[in-house]
Each structure stands twice: as structure tokens, then as C-alpha cells.
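Visitor: Handing you this structure, nothing more for now.
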Amino acid sequence: MTLFTPDMEAPRGPERPGPGAVLLPGWLTLDQQQWIVARFREWTAGPVPIRAAKVRGHEMSVRTVCLGWHWQPYRYTREATDVNGERVLPFPDWMVRLGRRAVADTGHSDEQVAAYTPDTALANFYDDAARMGMHQDRDEKSLAPIVSLSIGDTCTFRFGNTENRGRPYTDLSLRSGDLFVFGGASRLAYHGVTRVHPSTAPEGCGLDSGRINITMRMTGLSG
């Protein structure tokens, strides 16, 4: 008797690719994913439209819309001075609550959870050809954990070390609904997306194709 067929996947458990880095598979339900996708479509309608940022004169393949603070290489501003000069949408209260739940569920202390108040989010859209080169998230003054949510197509996410863009690194599959949090000794680890896998988004997530990645951060800025 055949118990397993080739298209059946083994259950996925938490992964810890580095100190302070935790992947929790399937953290968001399909209904939650669909609801967030609807919010994403509202964000992209303005006042600052989704755009591909330019890094050293080259346009990124990933398109981004921001909440709370507007990220542009290599700083944060309240107004999108590199797009249309408009002020970005405020950071929503529900996302603060979601961020705190994420750090709680990844093993942070009650004190760390209470102190975690993200004030900016980068909502990125990846089409089939989009990639993200290895980089550090170091434009924030705060080194509080970064909370990352994935919806839509699966991607290969490369999580590396804090010293350089090369080895050692770990390649992870980030699937729709997955939560990835990294802080502590891994807060400045290099990371990137090497591939998006088309036609892997689950039915009911709100996306037919492509991938949305939302990263919440504490900037440590005021004003």
C-alpha cells in the first residue's frame, strides 16, 4: 500500500536559521491573508502609489508601498520625496497588534512584546521575475526585531550571516501565510530573495499570482 504520493508534502515545523531568527509556517489563515491583500490594494491606490525604488541609479525589480514612514535608499522620510511628495499613509493600529503577536509567538519575552511598537511597514510586490539582492536592514536607528509576512507565491529566501553577502547562508521556502521574525544577533544578517516560484499561491489567499511581502520595523525616528 502506498501511504505517500509524490505531491504530498511533509508537515512543516518551525525553523531557526540563526540566533534570534524564527520561521513559523502557516501563521496566517487564508481568511487573514485575503483580508491583508485587500488592504494592500487600498494602500497601492495612494496617496503614494506603489513604485520601484532606485538603488544607485538602478530600478529594483520589486515594487514597494510604505506605511508610517517612506523608505527610500538609504533613509526614511514622512513624505515620498522621490515619488510625488505626498505624505505616506499612517501605520495602522491593527498592524501594531499583529506585530506584537508575531514577536510573542516567536518566543520573545513579555517585556520585549510590550516594547515592540513598529512604526513603518514596507509592503513589497514580487512578480515572477522579481528578485531581492542580499542586503542588511540597517536604515533604522532601532535594532528591534523585523517581522516579515508572506502571501501568494512561494519564494526562495536566502538568510545569511552578519559579516558579508556570501556563505554561510540558509535557503528557506517562504510560503503563503508564513511568518519570519529576525532580531537579536541576527538582526543585521544579510538576506534576499533568489527566486519566486510561479503558480504556487494557494487558492483563497487573495492573490492569483505574484507575492506580497510585508516587513514591519521600528525605525527609532521621531517627527
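The values are calculated or read from the model by the stated rules, or taken from the named source; none is laboratory data. The model shown is predicted, which means the values in this text are computed figures rather than measured ones. For neighbour counting, all protein chains shown are included, and Cβ atoms are generated from backbone atoms with ideal geometry for every residue, glycine included. Please note that ligands, DNA and RNA were not included when accessible areas were found on the heavy atoms of the full protein model with its side chains. Shrake-Rupley method; radii C 1.70, N 1.55, O 1.52, S 1.80 Å.
Visitor: Quick check: from the Cα gyration tensor, does segment 117-223 come out rounded (a/c under 1.5), prolate or oblate? Intermediate results must be reported in sequence, preceding the final value.
Guide: Details: a/c = 2.24, a/b = 1.36, b/c = 1.65.
Because a/c hits 1.5 or more and a/b fails to exceed b/c, segment 117-223 counts as oblate.
Visitor: What residue among Asp110, Asp128, Asp137 shows peak mean-square fluctuation when the chain is described by a Gaussian network model with Cα springs under 10 Å?
Guide: Looking only at Asp110, Asp128, Asp137, the biggest GNM fluctuation is shown by Asp110.
Visitor: Per residue, how much accessible surface does the chain expose to a 1.4 Å probe? Answer in Å², no decimals.
Guide: 50
Visitor: Work from the charge dipole of the chain (Cβ charges, +1 for Lys and Arg, -1 for Asp and Glu, about the Cα centre) and give the residue of Ala45, Thr162, Gly68 farthest towards its positive end.
Guide: Thr162
Visitor: Continuing with this model, one more query. Let me see the P(r) profile for segment 53-125: every Cα-Cα distance counted, bins of 5 Å, each bin given as a percent of all pairs.
Guide: Bin by bin from 0 Å, the calculated values are 3, 15, 21, 19, 15, 13, 9, 4, 0.
Visitor: Give the shape of the chain as rounded, prolate or oblate, defined through the alpha-carbon gyration tensor: a ≥ b ≥ c are the square roots of its eigenvalues, a/c under 1.5 means rounded, and otherwise the shape is prolate if a/b is larger than b/c and oblate if not.
Guide: Verdict is rounded for the chain.
Visitor: Please work out the C-alpha center-to-center distance from segment 60-120 to segment 175-223 and express it in whole Å.
Guide: 13
Visitor: Continuing with this model, one more query. Quick one: dipole size for the chain, taken about the Cα centre, charges +1 on Lys/Arg Cβ and -1 on Asp/Glu Cβ, in debye to the nearest 20.
Guide: Details: 25 positive and 25 negative charges, 128 e Å.
Using Cβ point charges on Lys, Arg, Asp and Glu, the chain gives about 620 debye.
Visitor: Of all the accessible heavy-atom surface of segment 142-187, with the other protein chains kept in place and a 1.4 Å probe, what percent is carbon and sulfur? Provide the component values of the computation, followed by the final result.
Guide: On the way: 720 of 1550 Å².
Carbon and sulfur: 47 percent of the exposed surface of segment 142-187.
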